[in-house]
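*Asks:* Just dropping this structure here.
Values in this text are rule-based calculations from the coordinates and carry no lab data. It should be emphasised that the depicted structure is a prediction, and the values quoted were computed from it without experimental measurement. Here the Cβ positions follow ideal geometry from the backbone for every residue, glycine too, while neighbour counts run over all protein chains shown.
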Amino acid sequence: MIIAPNPPSDGVRVAMIEHNGAPIELIEFACKRQISLRAMCDHDMPAIERWLNREHVRKWFGEPQTWLDEINAKHDWIHYYIVEYENTPIGFCQYYDCTKMPKGLWEEEQPGSFGIDYCIGEEQYLNRGLGSVILQKLCETVIFAENPKQIIADPVKENLISIGLLEKNGFIFDGWTGLYKLAISQTLKEMSDFFNVRAPIYEEKHIKHIGGMESKDIIASFFPPHTQTMIDLGIGTGLELEAIFRRFPAIEVTGLDIAEDMLKTLAGKYPDRNIQLFCESYLTFDLGHCLYDVAISVMTLHHYNHQTKTDLYRRIHNCIKNNGIYVECDYMFSENEYANPQKMEDLHFTEFERLKKELHITDDREYHYDTPCTVPNQKKMLLEAGFTNVREAYNRKNIVILIAYK
Ligand SMILES: C[S@@+](CC[C@H](N)C(=O)[O-])C[C@H]1O[C@@H](n2cnc3c(N)ncnc32)[C@H](O)[C@@H]1O
């Protein structure tokens, strides 16, 4: 009989196995606090190579060089962590966005699916209950960072220990794909709540997520030389402004955002610049007529559907001057990234509708859910809204910049 241990007092959980009323064995369980994950760095590579070559890892992970090549490729959709037991590295784990995997592989998985792998490289830490804690920590990391819909593991079918561990932690075998899946109950956050909560960590996480500042810094270079006024829709903490102020120090900026805390971060940043901020939705704010040389929106419109965007584009078209431009930088599904971009767009919209139905959301408030569109659809909407020409000026991975001319 196993007596469930009380909450640990000193970091060690003990389960007592009784035999005829007498304790016969004490089993030490890992306390969650003893295990931590930290980002992998280049200097971890010798340890990783050593672990991958250990028989007990190689047996399930396969050829070490394949793993090393993948790690060295530094794909931005795979996130690697070192597992530490009381600050001693003992293994590694990773999670990855299934939709970004090489074309064809797991492409059928719904958006928001993240795959995981983990191993304990140091033999003396095996059979101590650490696997479960590592799995839980890794799942917590994915949930916090990605708001996933499901977490997926693909253990070798003979690896019964790993399968037992997954099942114990709520993963369910999917007979169709042969994968083990943990469904994460989904919630939808109202848009301003979502960004207000994230405001303190937004910049660090967002810059990492988009692979640096290149896509923001380049925006200023598309502005006409005569630019004096601009409006920024969904300005957030104003990451895109720094390069704009470098090129146009005297520019008059009107910024809109519905998340007050994002605007608060921005408010203190540029005390000497000409900025007017409004905590309002760009879907309802009066954008005015022929006021701006340039209108921009950066990483914000991928939350809205075709109709909402086309209506907004009409109002943007109306608010810029006759020789003005609109610059949109956003996540878009492009053929460079996906075998079938339209299918990806459809999947996201369908999933969003399914989720709203499941959560009985019937109001027309704005909810945070990513529904990027394909590049051709984006262009079509802008032309429909009255722009005479749309040019694709930048395309790196899933970030595209379109310039629309009035
Ligand atoms: C991913 S952030 C981008 C912020 C900034 N443009 C950047 O690139 O770092 C998206 C921003 O759009 C804002 N947003 C979303 N929907 C909005 C709406 N309808 N009206 C105004 N702001 C909105 C959010 O509050 C959030 O600050």
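*Asks:* Among the trypsin sites (Lys or Arg not before Pro) in the range 78-152, which ones are in a DSSP loop with at most 11 other Cβ atoms within 10 Å of the Cβ? Mind listing them? Present the calculation step by step, with values, prior to reporting the outcome.
*Replies:* Details: sites: Lys100, Lys103, Arg128, Lys137, Lys149; in loops: Lys103, Arg128, Lys149.
Filter output for the range 78-152: Lys103.
*Asks:* Now a separate question. Quick one: angle between helix 130-146 and the longest Cα principal axis of the chain, in degrees between 0 and 90, rounded to 10, please.
*Replies:* That works out to roughly 10 degrees.
*Asks:* When we measure straight from the Cα of Lys189, which aspartates and glutamates land under 18 angstrom away, once same-chain ones fewer than 8 places off are left out?
*Replies:* Reachable aspartates and glutamates: Glu146, Asp257, Glu260, Asp261, Glu280, Glu351, Glu353, Glu358, Asp363, Asp364, Glu366, Asp370.
*Asks:* Going by C-beta contacts inside 10 Å, put His348, His226, His368 in order with the fewest on the left.
*Replies:* So the residues, fewest neighbours to most, are His226, His368, His348.
*Asks:* For the chain, set up a Gaussian network in which alpha carbons nearer than 10 Å are linked by springs, and say which option among Met101, Met213, Met230 fluctuates the most.
*Replies:* Residue with maximal mean-square fluctuation among Met101, Met213, Met230: Met213.
*Asks:* Assuming R0 = 30 Å, can you tell me the calculated FRET efficiency for the pair Asn274 and Ala393, based on Cβ-Cβ distance, to the nearest 0.05?
*Replies:* The formula returns an efficiency of 0.70 here.
*Asks:* So, one more: Find the Cα radius of gyration of the chain, compare it with 2.2 N^0.38 Å by division, and give the number to two decimals.
*Replies:* 1.16
*Asks:* Going by C-beta contacts inside 10 Å, put Met45, Met40 in order with the fewest on the left.
*Replies:* Met45, Met40
*Asks:* Based on alpha-carbon positions alone, could you give the equivalent ellipsoid semi-axes of the range 186-260 from the gyration tensor, as √(5λ), descending, whole Å?
*Replies:* 26, 15, 9
*Asks:* Ala73 versus Glu140, label points 7 Å from Cα toward the beta carbon: distance in nm?
*Replies:* Result: 3.1 nm between the two label points.
*Asks:* Let me ask you something else. Structure shown: which of Lys181/Lys379; Lys149/Lys379; Lys343/Lys406; Lys168/Lys397 lie over 32 Å apart, alpha-carbon to alpha-carbon?
*Replies:* Lys181/Lys379; Lys168/Lys397
*Asks:* Can you tell me which of His43, His56, His79 moves the most in a GNM of the chain? Springs connect C-alpha atoms under 10 Å apart.
*Replies:* Residue with maximal mean-square fluctuation among His43, His56, His79: His43.
*Asks:* So, with +1 on the Cβ of K and R and -1 on the Cβ of D and E, and no other charges, what is the size of the charge dipole of the chain about its Cα centre, to the nearest 20 debye?
*Replies:* Dipole magnitude for the chain comes out near 520 debye.
*Asks:* Considering only the chain, what is the antiparallel percent among its DSSP beta bridges, to the nearest 5?
*Replies:* So the antiparallel bridges in the chain amount to around 65 percent.
*Asks:* Follow-up. Multiply the residue separation of Ala250 and Glu203 by 0.36 nm, subtract the distance between their alpha-carbon atoms, and state the gained length in nm to one decimal.
*Replies:* 14.5 nm
*Asks:* Grab the alpha carbons of the range 124-229, take their convex hull, and tell me the volume per residue in Å³.
*Replies:* 198
*Asks:* Say R0 is 30 Å: what FRET efficiency, to the nearest 0.05, do Glu190 and Arg314 get from their beta-carbon distance?
*Replies:* After rounding to 0.05, the efficiency reads 0.75.
*Asks:* Among all the aspartates and glutamates, which ones have a C-alpha under 17 Å from Lys321's C-alpha, if same-chain residues fewer than 8 places away are not counted?
*Replies:* Asp232, Glu252, Asp286, Asp293
*Asks:* If you don't mind, there's one more thing I want to ask. If you average the C-alpha positions of the range 64-129 and of the range 207-235 separately, how far apart do those two centres end up, in angstrom?
*Replies:* Measuring centre to centre over Cα atoms gives 34 Å.
*Asks:* For the chain, what relative contact order do you get, as a whole percent, if you take Cα pairs closer than 8 Å and at least 6 residues apart?
*Replies:* The value is 10 percent.
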